[in-house]
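Report on one structure; see the data block that follows.
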Amino acid sequence: MSTVKSIRYIKNMLKSNTVESLMWVVHLSDVLSGLGLFTRKGLVSAFAKRVVEVGHLLLLSHMYIFGVYAYVHHYESDLLTKIQSIVYIVGFLTYSNALLWIIFTRSDVEEIKKLIKISDSLAQETVVSSDRHKSLMSSVKWFILTFYTVIFIQSMIYIPTHTSTRALTDPTLYRMVPCVGIGQVDKYPNKGVCKTIIALQVWMLVTVLIYFTNMFLLLIGHLAAMYELLVEEMTDIPQQLQIYPDDVPESSTAAVETRTVLDQELVRRHLEKVVSRHTLLLMTIDKVKNLYSSRTGVDFGLNLIVIFVVIILPLHDILKLSAYIGYSVLHLLLYCIACQRLENASQKFERAVYCCGWEEFDVPNRKSIFVMLVQAQKPLAAAIGRPEKKSAVRKAPQTQALCSMNADSSSKCAWDQRRGHGRRYGPGARQLQAVAMDR
């Protein structure tokens, strides 16, 4: 019965489009690697955790360091061997980079996950964004499961090819000694031990890299989704919070009765929620940058080395390294797509803040919009290879209109290109500040 419940629970978590289910899917690879099994405080748990971590490094060193050294020392050492050895060493460094990140940043990751949950719960309080929230979480889950699927398929191809009798007995096939120190591996039990070691090495490698990458995709994807929800809420302020002419008191003038009048108190309360959520997002983004910037820089550099080094190899050698090349390409592709989505969402939020209909707000609400606009214009591009510093406001690109003008040339949602008001920072915010202060 417990097995049936477990299967049903796993099925529900895979179908669900919530941040909790996404965290469960990502955490699953951490548990499968053995690193996530001993997270409780205590002497026994800490000792077992250290044993697992040391076991990871020793097993991968046995294959990628000692195996490569044994082949270069006892067999040929031509140019192709050296190039392929570089790929193996880069693979070990990529794994070590991810493993050390998991070991030393677990508490920071838990803190960021708490902020993500708070931001998610605040976003779901809005009834309008509930369906959109599920759709955005589904897209994030698609990214995570795509990486899961591709890497596991590659590992299922890698293990049989590297544990075949020819691969075990002929080191020149992959230019690596598969099981250093075991002796003759063409007969059992040495052959079975060698196959087990290789399968365990690949399993550890795959689960660690999946957790490292998918946690990044989860954090960046969720932040982009939260920005998308903020965009819709800022855009729909005039439609959500308005009093139509039938609701205007009879004592009002005819001019007031013929136009839409926003309830400033409702606007104020709505803006308070948006500002608090936006501030929480900025805080989370800063923590993610500090957590991932240096490690991501190392990862990008190692992946680029693999991609450029294999270009000069013959085709049959490239096919042998297809698992390493496939991981590097997919890793870079998903990273770039996720970060670009976050940057695009933040820029859309900036435009939505300016085009939210602030012309009809009172002075206090305009000041809130002004502060939020200044914060929204700060760049979100992550610094690769170093911790993120306090960045200046985004430089102004070429003049462009952020909102499409209506037939009426007096549309207040358009920025005056002739006076430079289409620039992304400065003029737009100063224009809003000037109007707010005048009134």
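The values are calculated or read from the model by the stated rules, or taken from the named source; none is laboratory data. Because the structure is a prediction, the values reported are computed rather than measured. Every residue, glycine among them, receives a Cβ derived from its backbone with ideal geometry; neighbour counts consider all protein chains shown.
When the range 332-343 is filtered for residues that are under 16 Å from GLY221 (Cβ atoms) and free of Cβ contacts under 8 Å to residues at least 40 places away in the same chain, the ones remaining, listed by number, are LEU333, CYS336, GLN340, GLU343.
The conditions of being within 23 Å of HIS73 (Cα to Cα) and touching a helix residue (DSSP H, G or I) at 6+ places or on another chain (Cβ under 6 Å) are not met by GLN154.
Inspect all residues belonging to the range 251-268 and state whether any of them is under 16 Å from ASP362 (Cβ atoms), under 34 Å from the mean Cα position of the chain (by Cα) and either at pLDDT 85 or above or surrounded by 14 or more Cβ atoms within 10 Å (Cβ to Cβ) (or both). Yes: one or more hits.
Which residue is modelled with the highest pLDDT, if the candidates are limited to the range 40-53 and must be loosely packed, with under 14 Cβ neighbours inside 10 Å and under 28 Å from the mean Cα position of the chain (by Cα)? Only one residue fits best here, namely ARG50.
Any residue that is of a type in the set (D, E, K, R), surrounded by 15 or more Cβ atoms within 10 Å (Cβ to Cβ) and either at pLDDT below 85 or closer than 28 Å to TYR88 by Cβ (or both) - is there at least one of those in the range 19-36? Yes, the range 19-36 contains a residue that is of a type in the set (D, E, K, R), surrounded by 15 or more Cβ atoms within 10 Å (Cβ to Cβ) and either at pLDDT below 85 or closer than 28 Å to TYR88 by Cβ (or both). If you go through the range 188-237 and keep only what is of a type in the set (Val, Ile, Thr) and not in a helix (DSSP H, G or I), you end up with nothing. For the range 358-374, the condition of being in a helix (DSSP H, G or I), under 14 Å from the mean Cα position of the chain (by Cα) and either modelled with pLDDT under 90 or within 30 Å of VAL206 (Cα to Cα) (or both) holds for none of the residues. Within the range 108-151, being under 13 Å from the mean Cα position of the chain (by Cα) and either aromatic (Phe, Trp, Tyr) or under 16 Å from ALA224 (Cβ atoms) (or both) holds for ILE112, ILE116, MET137, SER139, VAL140, LYS141, TRP142, PHE143, ILE144, PHE147.
Within the option set ILE10, ILE89, ILE83, being without any contact (Cβ under 8 Å) to a residue 40 or more places away in the chain, of a type outside the set (Ser, Thr, Tyr) and more than 23 Å from THR296 (Cα to Cα) holds for one residue only, ILE10.
Of all the helices (runs of 4 or more DSSP H) wholly in the range 1-83, which have at least 3 residues that are within 30 Å of SER139 (Cβ to Cβ), β-branched (Val, Ile, Thr) and out of contact with any Cys (no Cβ under 9 Å at 6 or more places or on another chain)? It would help to see each step written out before you state the result.
Values: elements: 2-15, 19-32, 43-61, 67-74.
Qualifying helices (runs of 4 or more DSSP H): 19-32.
Just to verify a result, which residue in the range 117-134, among those that are without any contact (Cβ under 8 Å) to a residue 40 or more places away in the chain and assigned to a helix (DSSP H, G or I), is farthest from ILE210 (Cα to Cα)? Of everything passing the filter in the range 117-134, VAL127 is farthest from ILE210 (Cα to Cα).
Note on the range 70-85: among residues that are at pLDDT 80 or above and of a type in the set (A, V, I, L, M), the one that is nearest to ILE311 (Cα to Cα) is ILE83. For the range 164-183, residues that are assigned to a loop (DSSP other than H, G, I, E, B) and in contact with an Asp or Glu (Cβ under 9 Å, 6 or more places away or on another chain) total 2. Total residues in the range 262-289 satisfying the condition of being of a type in the set (D, E, K, R) and more than 19 Å from GLU343 (Cβ to Cβ): the figure is 6.
Can you confirm whether the range 316-337 contains a residue that is surrounded by 15 or more Cβ atoms within 10 Å (Cβ to Cβ), at pLDDT 85 or above and in a loop (DSSP other than H, G, I, E, B)? Yes.
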